[in-house]
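K.L.:
Dropping a structure here in structure tokens format, bear with me for questions.
The values are calculated or read from the model by the stated rules, or taken from the named source; none is laboratory data. From a predicted model like this one, the values you see are computed outputs, not experimental measurements. So basically every Cβ, Gly included, is an ideal-geometry build from the backbone, and we count neighbours across all protein chains shown. Note: areas computed on protein heavy atoms with side chains; ligands, DNA, RNA excluded. Shrake-Rupley method; radii C 1.70, N 1.55, O 1.52, S 1.80 Å.
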Amino acid sequence: MGIESSLGDGYFTTKVDALTNWARSNAAWPMPMGLACCAIEMMAFAGPKYDAARFGSEVMRFSPRQSDVMIVAGWVNYKMAHAIRRIWDQMPDPKWCIAMGACASTGGMHRCYGVVQGCDNFLPVDAYVSGCPPRPDALLHALMKIQDKIRTEHSVMLDT
Amino acid sequence: MDLELSDTLKKVIDGLSDQFSDSFIEVYQSTGDTFVRVEADAVVDICKYLKSTHHFIYLNDLFGTDRFTSEERFEVVYNLISLRDRERLFLKVRLPEEDPRLESVADIWKSASWMEREVYDMFGVHFDNHPDFRRIFMPEDYEYHPMRKEFPLLGIPGSIELPSTTPDTE
């Protein structure tokens, strides 16, 4: 039953890691954290022209329980930081984070007392996207970088 | 300096200087607008007078400025508009650096409530008899007033709490 029926007789070998990483990297569902102008570019990233569906990432969940990649799009102020961190904590492991644009990465032009100077102050960021705002293809690039990262992960067990 | 006043504004200025001659400090014009500077203790009476007699029913804006290192450091500015007469008048009040304190005008214009809270939050100017006197932007326990000139642009490190990076165990 299952895979044998389509492959016919015979077998193939792989590592569980390779299989889970393949599955995970091609279904990285984003948790959109749209806070400012970058969010508009993030919508374009999911829209038909740039089509994140090609990479299995079109499913914006708007729910932390079913997402894998948090895209922090926009500037983060101190009040919002607590909400973002709470949503991040509610996302199931394994999870990844993209800091989209200058503001989320470094505070950007908002060099002031109210804005957190980079969301890496309270989140573990995997990919930083430069630009203000970055183009949707730059976000796709960050997504592909994260896919590369997932594919090389030892997610199940380490070889000893 | 000669003032170029419209007939209605002329009436307003004359009325102010007659009725509140003790509190009236100066009137001047800049970039096409008219500014009147008055004593702080008369501001509620003057606002009531402007609203009831001269129809300044719309408080367009109320904000603070920091004239750092000057005498009477803080300034609160009332931007009044008469919708009927299509006139705009700025009312200015200067306050000392030590315990800047002013009477609230929230009874006269409801919208003053939030704006006075903002002035308090950013500059530390207290408004007496305010209906709901709290901070509006910064956390309740925040010790500083960020728009004061001596406040560092990037804030005071550690003065606002960032989320804990270890997950809650709720």
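K.L.:
Out of the range B:49-90, which GluC sites (Glu not before Pro) are coil in DSSP terms and have no more than 15 other C-beta atoms within 10 Å? Spell out each step's value before the answer.
P.N.:
On the way: sites: B:Glu71, B:Glu72, B:Glu75, B:Glu87; in loops: B:Glu71, B:Glu72.
Answer by residue number: B:Glu71, B:Glu72.
K.L.:
Using a probe of 1.4 angstrom, how much of the accessible area of the range A:53-116 is carbon and sulfur, in percent?
P.N.:
On the way: 1450 of 2700 Å².
Carbon-and-sulfur percentage of accessible area, whole number: 54.
K.L.:
Right, something else. When only alpha-carbon atoms are used, what values of Rg and Dmax, in angstrom, describe the protein assembly as shown?
P.N.:
29.2, 105
K.L.:
Just give the residues from the range A:74-103 buried by at least 20 square angstrom of accessible area in the all-chains context relative to the isolated chain, probe 1.4 Å, and say none if nothing qualifies.
P.N.:
By number: A:Tyr78, A:Lys79, A:His82, A:Arg85, A:Arg86, A:Asp89.
K.L.:
In whole angstrom, how far apart do the alpha carbon centroids of the range A:94-160 and the range A:3-33 sit?
P.N.:
25
K.L.:
Taking only protein heavy atoms into account and a 1.4 Å probe, give the accessible area per residue of the range A:23-91 in Å².
P.N.:
On the way: 3150 Å² over 69 residues.
Dividing the accessible area of the range A:23-91 by its residue count gives 46 Å².
K.L.:
Another question about this same structure. When the label point is put 7 Å from the Cα of B:Arg67 along its Cα-to-beta-carbon vector, which residues of the range B:100-143 have a backbone N closer than 11 Å?
P.N.:
none
K.L.:
Can you give the accessible area of A:Lys149 in Å² (nearest 10), computed on protein heavy atoms with a 1.4 Å probe?
P.N.:
Near enough 80 Å² of accessible area.
K.L.:
If you don't mind, there's one more thing I want to ask. Could you check what % of the DSSP bridge pairs in the protein assembly as shown are antiparallel, to the nearest 5?
P.N.:
On the way: 24 of 44 bridges.
DSSP beta bridges in the protein assembly as shown are roughly 55 percent antiparallel.
K.L.:
Relative contact order of chain B, please, whole-number percent, based on alpha carbon pairs below 8 angstrom and at least 6 residues apart.
P.N.:
Numbers: 259 pairs, mean separation 27.2, N = 170.
Value for chain B: 16 percent.
K.L.:
Compare B:Leu50, B:Leu83, B:Leu154 in a GNM of chain B, Cα atoms joined below 10 Å, and give the one with the largest fluctuation.
P.N.:
B:Leu154
K.L.:
If you don't mind, another one. May I ask you to give the percent of accessible area on the range B:1-160 that is carbon plus sulfur, with a probe radius of 1.4 Å?
P.N.:
Values: 4060 of 8740 Å².
Carbon and sulfur: 46 percent of the exposed surface of the range B:1-160.
K.L.:
Something else about it: Could you order B:Asp45, A:Asp93, A:Asp126 by accessible surface area, starting with the largest, using a probe radius of 1.4 Å?
P.N.:
Details: B:Asp45 85, A:Asp93 125, A:Asp126 50 Å².
Result, largest first: A:Asp93, B:Asp45, A:Asp126.
K.L.:
From Cα coordinates alone, what are the radius of gyration and Dmax values for the range A:34-122 in angstrom?
P.N.:
13.2, 40
K.L.:
Continuing with the same structure: Take B:Val77, B:Val27 and sort them by solvent-accessible surface of the protein heavy atoms, 1.4 Å probe, largest at the top.
P.N.:
Details: B:Val77 5, B:Val27 40 Å².
In descending accessible area the options line up as B:Val27, B:Val77.
K.L.:
Counting heavy atoms of the protein chains only and a 1.4 Å probe, report the per residue accessible area for the range B:13-170 as a whole number of Å². Before the final figure, lay out each step's value.
P.N.:
Numbers: 8640 Å² over 158 residues.
It amounts to 55 Å² per residue over the range B:13-170.
K.L.:
In Å², nearest 100, what accessible area do chains A and B bury in total when the solvent probe is 1.4 Å? Could you put the intermediate results ahead of the total?
P.N.:
Details: alone 9380 and 10370 Å², together 18360 Å².
Answer for the A-B pair: about 1400 Å² buried.
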